[in-house]
Every structure is written in C-alpha cells, then in structure tokens.
Amino acid sequence: MRVGFVGLGGMGQAMAGVLLRKGHEVIAWNRTRARAEALREAGAVVAATPAEAARVGLVVSMVADDRAVLEVAGGNDGIRAGLPRDGLHVSMSTLAPETVDQLELAHRAAGQALVVAPVFGRPDAAAAAKLFVLAAGPQAEVKRALPLLEAMGQRVFLVGEHPAHASLVKLAGNFVLSAAIEALGEALALVSKAGIDRGTFVEILTETLFAAPAYRTYGRTLVDARFSPPGFRLPLGAKDNRLVLQAGERHEVPLPLASLIRDRMLSALAQGWGELDWSVFARIAEQEAGVQSGSR
C-alpha cells in the first residue's frame with residue numbers, strides 16, 4: 001500500500017521503518033527533516049509538507065500531543081489540505097477524546113474520514129512490530145486501515161465506531177500502568193528500607209503474583225535505576241495523566257489514584273527529571289522513605 005506517514009519521533013520512525021520493511025511505500029514527513037531523510041535509504045519518499053504526504057489518500061500521523069496533531073492536520077500545508085475527498089487519516093497519537101472529536105468533525109466537513117489507533121508499546125516494541133493497537137472509527141475505514149495496523153502490531157483490538165473511544169481506552173490503560181509503577185515504587189521503598197534485596201523482590205513478584213510485561217519491564221527499570229535513554233519521557237506521561245483526569249472530570253468519575261500520580265509526576269519534574277523515562281516518578285516514594293536507589 002502507499003501511505004503517508006507524518007511524525008517521525010522515536011515511535012513514528014520505528015513504525016514507518018516496519019512498514020517499509022514489510023513492502024509498503026511510505027511518503028514520510030517530519031518537522032525536523034533529518035529524521036525523514038534517515039528513512040530515505042530504507043526506501044521512503046521524503047515529503048516537503050504534511051499535505052504532500054497525505055495526497056496518496058491514506059495517511060498515518062504519530063505526533064507528540066494534541067497541539068501537534070492539530071497543527072499538522074490543519075492549515076494550508078496540513079493533512080486535511082492534501083488529503084483528497086474520501087481520504088483517510090489514521091491518527092495513532094495519544095490524544096484527548098475532545099481533540100479526537102474536533103478532528104473527526106473537521107475531516108467529515110472536508111469529506112474525509114478519521115480512524116484513531118493509539119498503541120501500547122515502547123519504541124523497541126514498535127521496531128519489532130510488537131505493538132498492541134487500539135482502533136476505532138467507521139467500520140469500513142477501520143477495515144481499510146487494517147493491513148497497515150496489522151503490519152505494525154502483534155494484535156489489533158477493535159474498540160468501536162466512535163474514534164474518541166480508542167483514545168479513552170488508551171488513556172485508561174496508561175493510568176493503570178502508572179498506578180503499577182507507583183505501587184512498585186512504594187513496595188521497593190519498603191523492602192529496601194528493611195534491608196531486602198530489591199532485585200530478589202522484583203524476581204519473586206514477577207515470577208508469581210504479577211508475571212506480566214509491565215511489572216517485568218518497570219520492575220527491572222526501577223531496580224537498576226535505568227531511566228535513560230527514556231522509552232517514554234516523563235512530560236509525555238504527565239500529559240497523559242492530565243488527560244485522564246480531564247476525562248474523569250468530564251464523565252464525573254473520581255480518580256484519586258490518578259490525582260496522587262499527578263503530584264508524583266509534578267514532584268519528579270520539579271527535580272529536573274523531564275528528560276528521563278516516565279517511570280522515574282516512582283523514585284519520589286523512595287526519596288520520602290530515605291532510600292537511595294542508585295544513579296539515574
């Protein structure tokens with residue numbers, strides 16, 4: 001398939017690279033052109049604008065946040081300007097449901113369609129085509145995007161026909177993951193203060209009660225204090241936390257754990273840890289306990 005790809009950060013570049021390896025023709029654009037040029041040797045065509053990338057009729061976007069997706073989608077050089085009528089925009093960023101609704105209305109007014117397909121997985125999973133994809137949108141359009149989504153992920157979950165629902169599922173999933181990180185941080189502070197080996201504790205935990213990728217990955221990250229290079233930077237985690245709290249307010253659902261994690265993340269940002277992996281906020285529990293977890 002011919003596909004435009006807008007946004008080539010750590011995740012986007014890995015995802016576009018997978019599409020190229022699997023035989024798709026990719027027309028790539030990134031605000032920093034050098035990142036698009038890096039894919040040229042792998043066979044990508046480098047576009048001058050998002051509109052140019054979208055002219056093929058099917059375009060994927062993977063940008064940092066709501067502001068960025070609205071910027072690349074709108075304007076004379078944006079995705080909507082280049083996407084033909086009946087064209088499809090597949091947004092794979094983690095966005096506020098309200099932003100998705102805004103995008104959907106704008107595309108519909110232009111005679112275009114929107115599918116929202118955020119993912120669970122870090123850049124290493126993206127490079128290995130092991131992402132879990134959450135897709136929502138009109139059934140026919142999701143079917144149209146499915147070959148690309150299946151190429152990038154190990155499984156595609158169909159959330160429904162309302163694109164914003166995929167965003168809310170992703171935000172809720174990230175909230176659960178952040179709660180697991182907080183729980184790990186608190187538990188490690190406790191066992192460390194008692195003189196128990198941290199690595200042994202995480203091994204027991206992940207080989208018995210919590211034999212799940214999240215606990216294995218972040219348990220080892222916290223034991224080793226390995227927060228750089230980041231798989232997912234702390235400011236992006238804080239952004240997702242803010243969006244899930246906004247969704248809770250919108251639906252009148254109290255989220256006390258999310259409020260606690262917001263404060264943990266703000267404390268971590270105040271420490272100057274913004275360039276580190278988002279799991280670094282678990283160190284706040286250790287600091288409060290007077291536990292030294294090693295270097296960053």
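Please treat every number below as a calculation from the coordinates, not as lab data. All of these numbers come straight from a predicted model, not from anything done at the bench. Note that each Cβ is placed from the backbone with ideal geometry, even for glycine, and that neighbours are counted across all protein chains shown.
In table form, for the structure just shown:
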quantity	calculated
Cross-link partners of Lys130 among aspartates and glutamates (Cα-Cα below 15 Å; sequence separation of 8 or more within a chain)	Glu150
Computed lengthening from Leu209 to Ala34, 0.36 nm per intervening residue step minus Cα-Cα distance	58.5 nm
Charge-dipole axis of the chain as Lys and Arg at +1 and Asp and Glu at -1 on Cβ define it, positive-most pick from Thr94, Ile196, Val26	Val26
Distant-in-sequence amide H partners of Val46 (H built 1.01 Å from N, under 5 Å)	Ala28
Karplus 3J(HN,Hα) series, Hz, for the range 60-70 with 6.51 cos²θ - 1.76 cosθ + 1.60 (x for Gly, Pro)	9, 10, 9, 10, 6, 7, 4, 4, 5, 5, 5
Under Karplus coefficients 6.51, -1.76 and 1.60, residue-wise ³J(HN,Hα) of the range 215-223 in Hz, glycine/proline x	6, 5, 5, 7, x, 5, 4, 6, 4
Excluding exposed DSSP-loop GluC sites (Glu not before Pro) (at most 14 other C-beta within 10 Å), longest clean stretch of the chain	1-160
Residue-by-residue Karplus 3J(HN,Hα) for the range 144-160, coefficients 6.51, -1.76, 1.60, Hz, glycine and proline x	5, 7, 4, x, 6, 5, 5, 5, 8, x, 7, 7, 10, 9, 8, 8, x
The chain, Cα convex hull volume normalised per residue, Å³	131
Built amide H within the under 5 Å cut-off of Gly78, gap 5+	Ala51
Overall form of the range 199-250 per C-alpha gyration tensor (a/c, 1.5; a/b vs b/c)	oblate
Shape call, the range 59-164: gyration tensor on alpha carbons, a/c limit 1.5	prolate
Simple Cβ-charge dipole of the chain, Lys/Arg +1 and Asp/Glu -1, about Cα centre, in debye nearest 20	600
Nearby aspartates and glutamates by direct alpha-carbon distance to Lys239 (threshold 16 angstrom, same-chain neighbours under 8 apart not counted)	Asp65, Asp66, Glu98, Glu249, Asp263, Glu275, Asp277
Extension gain, Ala172 back to Val253 (0.36 nm per residue minus Cα-Cα distance, nm)	28.0 nm
Per-residue Cβ neighbour rank within 10 angstrom, fewest leading, Met1, Met15	Met1, Met15
Sorted by Cβ neighbour density within 10 Å, fewest at the top, the residues Phe210, Phe227	Phe210, Phe227
Order of Arg155, Arg35 - criterion: other Cβ atoms within 10 Å of each residue's Cβ, fewest first	Arg155, Arg35
Shape call, the range 217-284: gyration tensor on alpha carbons, a/c limit 1.5	prolate
